[in-house]
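Notes for the one structure printed next.
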Amino acid sequence: MRKVKIPLVDLQIHHKNIKKEINEAFKKVLKSNSFILGNFVEEFEENFAKYCGAKYCIAVGNGTDALTIALKCIGIKPKDEVLVPANTFIATAEAVSLAGATPIFVDVNPDSFHIDLSKAEKKVTKKTKAIIPVHLFGQSVDMQRVTEFAKKYNLKIIQDCAQSHGAKFNGKYLVEYGDVCCYSFYPGKNLGALGDAGAIVTNNDELAKLCKMYRNHGRLNKYEHLFEGTNSRMDGIQGAILNVKLKYLDEWNSLRRKNAQIYNSLLQNISQISTPKELPLSDHVYHLYVIKTKERDQLMNFLNENQIATGIHYPIALPFLKAYQNYNFNPKDYQIAYKLQSEILSLPMYPELTESQIVYITKLIKKFFNFHS
Ligand SMILES: *Cc1c(COP(=O)(O)O)cnc(C)c1O
């Protein structure tokens, strides 16, 4: 086999295909002086709210801020506890701490990688005020069960949708479950800006009003401030770029899904690997294509030696990070997350990945396992 280099995500080819429209967007913003918030951001807020089936979209500086502002504006206070999955990006938990509250980690399901609600039950105390389901890798969490769980314990639901742009649950928009959805438009996400950007999406009038003021110094108008907020406003350039890219999101997501099906069919007979499990009522928009294998490190090295980039999401589950060493967690409570961190491997996944590239990658994987078909 001829050696070809395949990245985990290819933003060069992604943007090359829409280069003309991107250049137009840059020119428009430069001409208009709408550098912070302004008409391009407002247009995006309108378009993205519509895309999410929501009444409101509030564009902010990044996904971490989206979560933090949503938590604060929904009324999470210092000393409150918020349930978060043990396997997610640190920002999910960081936002809870930034809001002054305490993240309480919950072990995950080994197949869906989602927060395990039967284990969450054991973590609920009088201080528990909210839960953050993370639609990890692009697959929506069972929001029916989360809604029932939250109702039982009177919890707010803040959804971390940073990896799940476009995913629904049981045919319904995610915003229809729970109080608020938080998005990141970090460049590598399914919908990515050309820098940091994020959004809060909700149907709640009061929450929308508060978030909109909070992101802009608690401002009512130029010099009248109702409370102290922060500075977390989307740039005009990001709004204009996201407006261009949003039109293609469904097409890109279906290409990701198609690529996942190709991987699945080519990897299905390798007993040392398990491919991603799709839940019956969930959508999966494959932000990442994550397999599990006991020989993860060796396979990863082999692929990397052959110029195939891979990733681990995430190599250290949150309760085991130095950042949380002063929290009183029992490592025994996170056995699944701990086991997963040594078995999961993210293979190249992006809309422009070709079938022949996937055939090449899976041939190498078969070679590694000495697989004869
Ligand atoms: C990317 C990501 C975030 C944070 O988004 P930023 O825009 O980088 O702040 C939060 N949660 C998850 C699950 C993410 O993947």
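The values are calculated or read from the model by the stated rules, or taken from the named source; none is laboratory data. Quick caveat, the model's predicted, so the values are computed rather than measured. Using ideal geometry, Cβ is built from the backbone for each residue, glycine included, and neighbour counts are taken over all protein chains shown. Remember, those area values only see protein heavy atoms, side chains included, never the ligands or the DNA or RNA. Shrake-Rupley method; radii C 1.70, N 1.55, O 1.52, S 1.80 Å.
How do the pairs read when you match residues in region 250-264 that are β-branched (Val, Ile, Thr) with residues anywhere that are part of a helix (DSSP H, G or I), using Cβ under 7 Å and keeping only pairs 6 or more apart or on different chains?
ILE262/GLU355; ILE262/ILE358
When you scan region 244-285, how many residues do you find that are in contact with a Pro (Cβ under 8 Å, 6 or more places away or on another chain) and not in a helix (DSSP H, G or I)?
1
Return the residues of region 316-336 that are of a type outside the set (Ser, Thr, Tyr) and touching a Leu at 6+ places or on another chain (Cβ under 8 Å); say none if nothing qualifies.
Result: ALA317, single match.
When region 129-169 is examined, which residues are found to be surrounded by fewer than 19 Cβ atoms within 10 Å (Cβ to Cβ) and not in a loop (DSSP other than H, G, I, E, B)?
GLN144, ARG145, THR147, GLU148, LYS151, LYS152, TYR153
If you check PHE329 against the conditions, is it farther than 26 Å from HIS165 by Cβ, surrounded by 17 or more Cβ atoms within 10 Å (Cβ to Cβ) and more than 20 Å from the chain's Cα centre (by Cα)?
Answer is no for this residue.
How many of the residues in region 304-326 are under 26 Å from the mean Cα position of the chain (by Cα) and in contact (Cβ under 8 Å) with a residue 12 or more places away in the chain?
Total meeting the criteria: 16.
From (1) touching a Gly at 6+ places or on another chain (Cβ under 8 Å); (2) crowded, with 16+ Cβ neighbours inside 10 Å, pick out the condition that doesn't hold for ILE273.
Going through (1) touching a Gly at 6+ places or on another chain (Cβ under 8 Å); (2) crowded, with 16+ Cβ neighbours inside 10 Å one by one, ILE273 breaks only (1).
Evaluate region 85-92: report whether one residue or more is open to solvent by less than 40 Å² (accessible area, probe 1.4 Å) and more than 15 Å from the ligand (Cβ to nearest atom).
no
Tell me which residues, restricted to region 296-319, are open to solvent by 30 Å² or more (accessible area, probe 1.4 Å), out of contact with any Phe, Trp or Tyr (no Cβ under 8 Å at 6 or more places or on another chain) and part of a loop (DSSP other than H, G, I, E, B).
Passing the criteria: GLN307, ALA309, ILE312, PRO315, ILE316.
Residues of region 96-121 being assigned to a helix (DSSP H, G or I) and either at positive phi or touching a residue at least 60 places away in the same chain (Cβ under 8 Å) (or both), which ones?
LYS119
Pick from GLY236, GLY218: which is touching a His at 6+ places or on another chain (Cβ under 6 Å) and open to solvent by less than 40 Å² (accessible area, probe 1.4 Å)?
Criteria check complete, one pass: GLY218.
Inspect region 185-206 for any residue being open to solvent by less than 10 Å² (accessible area, probe 1.4 Å), without any contact (Cβ under 8 Å) to a residue 60 or more places away in the chain and more than 16 Å from the ligand (Cβ to nearest atom) and give the result as yes or no.
No, that holds for no residue.
So in region 249-303, with the set limited to residues that are within 18 Å of the chain's Cα centre (by Cα) and among the aromatic types (Phe, Trp, Tyr), which one is farthest from the ligand (Cβ to nearest atom)?
Among those that are within 18 Å of the chain's Cα centre (by Cα) and among the aromatic types (Phe, Trp, Tyr), it is TRP252.
Listed here are the residues, each with its yes/no results for (1) within 16 Å of the chain's Cα centre (by Cα); (2) within 30 Å of THR102 (Cα to Cα); (3) open to solvent by 20 Å² or more (accessible area, probe 1.4 Å); (4) more than 16 Å from the ligand (Cβ to nearest atom).
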| position | (1), (2), (3), (4) |
| --- | --- |
| ILE36 | no, no, yes, yes |
| GLU43 | no, no, yes, yes |
| TYR51 | no, no, yes, yes |
| VAL60 | yes, yes, no, no |
| ALA66 | yes, yes, no, no |
| LYS72 | no, yes, yes, no |
| ILE76 | no, yes, no, yes |
| LEU83 | no, yes, no, no |
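Within region 332-345, how many residues are in contact (Cβ under 8 Å) with a residue 40 or more places away in the chain, farther than 15 Å from PRO103 by Cβ and open to solvent by 50 Å² or more (accessible area, probe 1.4 Å)?
So the answer is 3.
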